[in-house]
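Student: Pasting in a structure now, in structure tokens, and then I'll have a few things to ask.
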Amino acid sequence: MSKKVLLGLSGGVDSTVAAILLQKEGYEVEGVYMKLHEKEGYHEENFAKAQRVASYLGIKIHFLDLSEAFKKEVYDYFVERYKEGLTPNPCVMCNRTIKFGKMIEFADSIGAELVSTGHYVKCDGQAIFMAKDKSKDQSYFLCEINKEVLPRLIFPMGDWLKEDVKTLAADIDVLQDIATQKESSEICFVENDYTEILEKHMDIDMEGETLDTEGSVVGNHKGYMHYTIGKRRGFFVNGAHDPHFVVSIKAASNQIVVGTRDKLEVHDFEVKQINLFEDLTDFDCDVKVRYRTTAVPAHVSLKDEKATVTLKEPVFGLAKEQIAAFYRGERLLGGGVIC
């Protein structure tokens, strides 16, 4: 008897091809469309596509409204952290609590042994590895998921290149419009810019002081919400000849601190909310401090609820509340929240 797989079916090309591949491998596939947010018209359009895919493949599809849990665990977290002048990563938290949390619970309710998504990542049931297509690899976003779920995960896209996925989808008549549709944004509830979300909840246009790293007022800015660590533009610095970057954010006083690029250099930092897939305390690894950055060699030392990360070469523009993901080669060891 074939194993039942619950697949997150979004109506996009990656989850569609994942469904096709799982079927070809002999799994009994059921799809689930997860409603995560309240973006107007978004779910009607995409659930219709997911239903069309399910009908074409002859699989059952469920509609799962997780918007309440998503708001509490992901959306509110995103807004509140930005209020504090931090730079959160909502996708990492969504994967931990929703996609590989609530979705696992739903899989249990329908008797599905395995859970799958269209993520570009590999999993052998014991560990997570980078995808074959390094330009699409999403392992970074899974570093905080609960290790107990690893034996139940299967990711068909891990061995595929994105261009080959699009080619496969384009050859199937009923899926051609899906194969050519625009890629979804990195943060599903953000249309263009994160500030569009923040301005729904607060006044983000509040002119404030720009400070140098010595604490002197050197200019002004349009409101701290508009800035993240490392940003180079959008503020004024009196008499500056060299490029200046945001070095830190003082949310309580609506001030930003700026400096030259060397002021962004970091050699060590602390991490909280440690999540590891192996029993490790002191270890060498490569660490990525943002999704679109190159991993750098480091030593990680755990003590109590935190870890100290000592870099063997510096990084620039480290942002509090972003994610540090630990790797050994292509193997994901886990990660934590930069504090």
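Student: DSSP loop (so not H, G, I, E, B), at most 11 other Cβ within 10 Å: list which GluC sites (Glu not before Pro) in the range 257-339 pass both filters.
Tutor: Glu305
Student: Sticking with this structure for a sec: Can you list the lysines whose alpha carbon is less than 19 Å from that of Lys83, not counting same-chain residues fewer than 8 positions off?
Tutor: Those lysines meeting the cut-off are Lys71, Lys72, Lys200, Lys222, Lys231, Lys250, Lys320.
Student: Then there's this: Output the antiparallel fraction of DSSP beta bridges having both residues in the chain, as a percent to the nearest 5.
Tutor: DSSP beta bridges in the chain are roughly 75 percent antiparallel.
Student: Pick from Gly41, Gly101, Gly230: which is most flexible by mean-square fluctuation in a GNM of the chain where alpha carbon atoms under 10 Å apart are linked?
Tutor: Of Gly41, Gly101, Gly230, the most mobile in the Gaussian network model is Gly41.
Student: Continuing with the same structure: Give the lysines reachable from Lys60 as a straight Cα distance under 21 Å; neighbours fewer than 8 places away on the same chain don't count.
Tutor: Of all the lysines, those that pass the test against Lys60 - Cα under 21 Å, at least 8 places apart if same chain - are Lys3, Lys4, Lys24, Lys35, Lys49, Lys99, Lys102.
Student: Once you put a point 7 Å from the Cα of Ser109 and another 7 Å from the Cα of Glu199, both along the Cβ direction, what distance in nm separates them?
Tutor: For the pair Ser109/Glu199, the computed spacing is 3.8 nm.
Student: Would you list Lys136, Lys60, Lys222 from fewest to most Cβ contacts within 10 Å?
Tutor: The most exposed by this proxy come first: Lys60, Lys222, Lys136.
Student: Relative contact order of the chain, please, whole-number percent, based on alpha carbon pairs below 8 angstrom and at least 6 residues apart.
Tutor: 15
Student: Within the range 300-339, list the residues whose amide N lies under 11 Å from a label point set 7 Å along Cα→Cβ of Lys147.
Tutor: 333-335
Student: Here is a further query. Would you indicate which of [x] 18.4, 55; [y] 20.0, 63; [z] 21.6, 74 is the value of Rg and Dmax of the Cα atoms in Å derived from the coordinates of this structure?
Tutor: Only one option fits the structure, namely [z].
Student: What is the distance, in nm, between label points placed 7 Å from the Cα along the Cα-to-Cβ direction at Ala127 and at Arg232?
Tutor: It works out to 3.8 nm between the two label points.
Student: Let me ask another. Mean residue ellipticity at 222 nm from the helices of the chain, using -39,500 (n - 2.57) per DSSP H segment of n ≥ 4 over the full residue count, to the nearest 500 deg cm²/dmol?
Tutor: -5500 deg cm²/dmol
Student: Expressed as a rounded percentage, what relative contact order does the range 203-259 have, with Cα pairs under 8 Å and six or more residues apart?
Tutor: With pairs under 8 Å counted, the relative contact order is 37 percent.
Student: Only helices at least 15 Å long along their own axis, judged from Cα atoms, and with Kyte-Doolittle mean hydropathy of -1.0 or greater: name those in the chain from DSSP H.
Tutor: Correct list, ordered by number: 13-24, 42-57.
Student: Name the shape class, rounded, prolate or oblate, that the alpha-carbon gyration tensor gives for the range 4-179, where a ≥ b ≥ c are the square roots of its eigenvalues, rounded holds for a/c under 1.5, and otherwise prolate holds if a/b is larger than b/c and oblate otherwise.
Tutor: Cα axes put the range 4-179 in the rounded bin.
Student: Have a look at Gly158, Gly26, Gly223 and tell me which one the Gaussian network model of the chain (Cα, springs below 10 Å) gives the largest fluctuation.
Tutor: Evaluated over the chain, the most mobile residue of the options is Gly26.
Student: Glu207 versus Glu68, label points 7 Å from Cα toward the beta carbon: distance in nm?
Tutor: Those two pseudo-labels are separated by 4.6 nm.
Student: Right, here's the next one. Using a Gaussian network model on the chain with a 10 Å cutoff between Cα atoms, which of Cys91, Cys188, Cys285 fluctuates the most?
Tutor: Result: Cys188 has the largest fluctuation of those listed.
Read-outs throughout are calculated quantities, based only on the coordinates presented, and are distinct from any laboratory measurement. Just so it is clear, the model here is predicted, and its values are computed rather than measured. Quick reminder, even Gly has a Cβ in these numbers, built from the backbone with ideal geometry, and neighbours come from all protein chains shown.
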